[in-house]
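Colleague: Just passing along the structure, written as structure tokens.
Values in this text are rule-based calculations from the coordinates and carry no lab data. All of these numbers come straight from a predicted model, not from anything done at the bench. Cβ placement follows ideal geometry from the backbone for every residue including glycine, while neighbour counts extend to all protein chains displayed.
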Amino acid sequence: MKKANLKVDMTPMVDLGFLLIAFFIFTTEISKPNITNLYMPDDKGDPTAVSQNKSLTILLGNYNRVFYYYGKPEEAFKNNRVYESSYSEINGIGNIIRKKQSDLYKDQVDKKQLMVIIKASPYSSYNNVINALDEMLINGVTRYAIVDLEKNDARFLDEHTQPI
């Protein structure tokens, strides 16, 4: 009895594989990048007055450290009312924003009245700024601004943002 060599032609299987790949590529939606509109004011206008009980200032330091205070910076630094937070989900800056919004709501003030001022040090990472802006979007903060550090803020960050 003679054994015949069995040859399997894989060409139709390869064709089927490419057809399936092409089908899934054309039928799935390619994800579109999410972008945030950032509106920068011009330098011609007057500064916006913000009520002290409706403001929250976030200081972004180096080594992924973040600090915050309420109201005027002079009073916060003088009375040691600058607090440290993090970017974590549990006790992070998002919870601080939600707490301030709920406090405004309890005081019969619309929570959309909250003004968040973001001050990034030259040593903070780009990722930290993006995380802070993401928290604004996640928590529905409609009034926020990225501003330059003042002398008191820069001095505080220099003193308190050492490696952990």
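Colleague: Hey, which of these cross-link pairs are over 28 Å Cα-Cα: Lys32/Lys111; Lys44/Lys151; Lys72/Lys99?
Modeller: On the way: Lys32/Lys111 31 Å; Lys44/Lys151 23 Å; Lys72/Lys99 19 Å.
Table pairs above 28 Å Cα-Cα are Lys32/Lys111.
Colleague: Using label points projected 7 Å from each Cα along Cα→Cβ, tell me how many nm separate Thr28 and Met10, to one decimal.
Modeller: 2.4 nm
Colleague: Which distance in Å, rounded to a whole number, links the C-alpha centroids of segment 76-151 and segment 1-70?
Modeller: So the two Cα centres are separated by 24 Å.
Colleague: Between Glu159 and Phe18, what length in nm is gained on full extension when 0.36 nm per residue of separation is reduced by their alpha carbon distance? Intermediate results must be reported in sequence, preceding the final value.
Modeller: Details: separation 141, 0.36 × 141 = 50.76 nm, distance 6.08 nm.
Length gained between Glu159 and Phe18: 44.7 nm.
Colleague: Using label points projected 7 Å from each Cα along Cα→Cβ, tell me how many nm separate Asp103 and Thr142, to one decimal.
Modeller: So the label points at Asp103 and Thr142 sit 2.2 nm apart.
Colleague: Another question about this same structure. In a Debye calculation with equal point scatterers on the alpha-carbon sites of segment 31-110 and no solvent, what is log10 I(q)/I(0) at q = 0.11, 0.12, 0.14, 0.28 Å⁻¹?
Modeller: Scattering profile of segment 31-110, log10 relative to I(0): -0.42, -0.50, -0.67, -1.24.
Colleague: Over the Cα atoms, compute the radius of gyration (one decimal) and Dmax (the largest Cα-Cα distance, rounded to a whole number) for the chain, in Å.
Modeller: 26.6, 102
Colleague: While we're looking at this one, here's another question. How tilted is helix 93-106 with respect to the longest principal axis of the chain? Cα atoms for both, answer in degrees (0 to 90, nearest 10).
Modeller: The two axes meet at around 50 degrees.
Colleague: Okay, moving on. Take peptides 130-142, 12-24, 81-93 and line them up by average Cβ neighbours within 10 Å, highest first, as a rough protection proxy.
Modeller: Working: 130-142: 15.8, 12-24: 9.7, 81-93: 13.6.
Most protected by this proxy first, the peptides run 130-142, 81-93, 12-24.
Colleague: Run the numbers on segment 1-99 and let me know its relative contact order in percent, using alpha-carbon pairs under 8 Å that are six or more apart. Walk me through the intermediate numbers first.
Modeller: Values: 60 pairs, mean separation 13.0, N = 99.
Relative contact order of segment 1-99: 13 percent.
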